[in-house]
1. For residues in the range 21-32 being surrounded by fewer than 19 Cβ atoms within 10 Å (Cβ to Cβ) and in a helix (DSSP H, G or I), which is nearest to the chain's Cα centre (by Cα)?
2. Filter the range 25-37 for residues that are on the phi < 0 side of the Ramachandran plot and out of contact with any helix residue (DSSP H, G or I) (no Cβ under 8 Å at 6 or more places or on another chain); which is modelled with the lowest pLDDT?
3. Hey, can you tell me all the residues within the range 12-47 that are of a type in the set (Ser, Thr, Tyr) and under 18 Å from Val89 (Cα atoms)?
4. For the range 51-67, enumerate the residues that are among the hydrophobic types (A, V, I, L, M, F, W, C) and either more than 12 Å from the chain's Cα centre (by Cα) or at pLDDT below 90 (or both).
5. Hey, does the range 56-70 have a residue that's under 20 Å from Arg88 (Cβ atoms), out of contact with any helix residue (DSSP H, G or I) (no Cβ under 9 Å at 6 or more places or on another chain) and exposed (fewer than 14 other Cβ atoms within 10 Å of the Cβ)?
6. Filter the range 34-52 down to the residues that are among the small types (Gly, Ala, Ser) and in contact with a Cys (Cβ under 9 Å, 6 or more places away or on another chain), then identify the one that is surrounded by the fewest Cβ atoms within 10 Å (Cβ to Cβ).
7. For Ile2, are the conditions met, namely being among the β-branched types (Val, Ile, Thr) and crowded, with 19+ Cβ neighbours inside 10 Å?
8. What are the residues in the range 73-86 that are under 12 Å from Val30 (Cβ atoms) and within 11 Å of the chain's Cα centre (by Cα), if any?
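The values are calculated or read from the model by the stated rules, or taken from the named source; none is laboratory data. Not measured: the values here are computed from a predicted model. Note that each Cβ is placed from the backbone with ideal geometry, even for glycine, and that neighbours are counted across all protein chains shown.
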Amino acid sequence: MISIKAATDKKHLILSAKGHADYMPGNDIVCAAVSALFCTLALKSQKAKLLPGDSFIVLSNNADNRAVFKAVLSGLCAIAESFSAHVRVEVGASADKINFFQNKCQVI
């Protein structure tokens, strides 16, 4: 299962994902969909780590980034609704709980 957590604070928008969908190994459309949305958001990021089964993105909290963040998050929630056995999204996760990943991110 892919576990996705979204958090915000006054300065940052944070999205993390861990795990694998295991929908159809070798031809996993669920994983591909989640990956495509994460890669799209990473184009706007300050920091990103995109690895198989372990991704983390940090954006500055401004109006433009919030719009992209909400669009990507909406897509991820739609995937989770359709494939609930393979994707879980936690919106409003505490930034403190997932912020420890930030130090491991690569600047892009």
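1. The initial filter retains those residues of the range 21-32 that are surrounded by fewer than 19 Cβ atoms within 10 Å (Cβ to Cβ), namely 22-29, 32.
After this cut, where a residue has to be in a helix (DSSP H, G or I) as well, the list is 29, 32.
Details: Ile29: 16, Ala32: 13 Å.
The qualifying residue nearest to the chain's Cα centre (by Cα) is Ala32.
2. Keep residues of the range 25-37 that are on the phi < 0 side of the Ramachandran plot, which gives 25, 27-37.
Restricting the remaining residues to those that are out of contact with any helix residue (DSSP H, G or I) (no Cβ under 8 Å at 6 or more places or on another chain) gives 25, 27-29, 31-32, 35-36.
Numbers: Pro25: 83, Asn27: 89, Asp28: 92, Ile29: 95, Cys31: 94, Ala32: 94, Ser35: 94, Ala36: 95.
It comes out as Pro25.
3. Ser16, Tyr23, Ser35, Thr40
4. Step one: of the range 51-67, the residues among the hydrophobic types (A, V, I, L, M, F, W, C) are 51, 56-59, 63, 67.
Within the range 51-67, Leu51, Ala63, Ala67 meet the criteria.
5. Restricting attention to the range 56-70, the residues satisfying the condition of being under 20 Å from Arg88 (Cβ atoms) are 56-57, 69-70.
Still in the list and also out of contact with any helix residue (DSSP H, G or I) (no Cβ under 9 Å at 6 or more places or on another chain): 70.
Restricting the remaining residues to those that are exposed (fewer than 14 other Cβ atoms within 10 Å of the Cβ) gives 70.
Scanning the range 56-70, I find at least one residue that is under 20 Å from Arg88 (Cβ atoms), out of contact with any helix residue (DSSP H, G or I) (no Cβ under 9 Å at 6 or more places or on another chain) and exposed (fewer than 14 other Cβ atoms within 10 Å of the Cβ), so the answer is yes.
6. As a first pass, look at the range 34-52 and keep what is among the small types (Gly, Ala, Ser): 35-36, 42, 45, 48.
Imposing the further condition that a residue be in contact with a Cys (Cβ under 9 Å, 6 or more places away or on another chain) reduces the set to 45, 48.
Numbers: Ser45: 24, Ala48: 21.
Among those that are among the small types (Gly, Ala, Ser) and in contact with a Cys (Cβ under 9 Å, 6 or more places away or on another chain), it is Ala48.
7. Working: among the β-branched types (Val, Ile, Thr): yes; crowded, with 19+ Cβ neighbours inside 10 Å: yes.
Criteria met by Ile2.
8. Leu76
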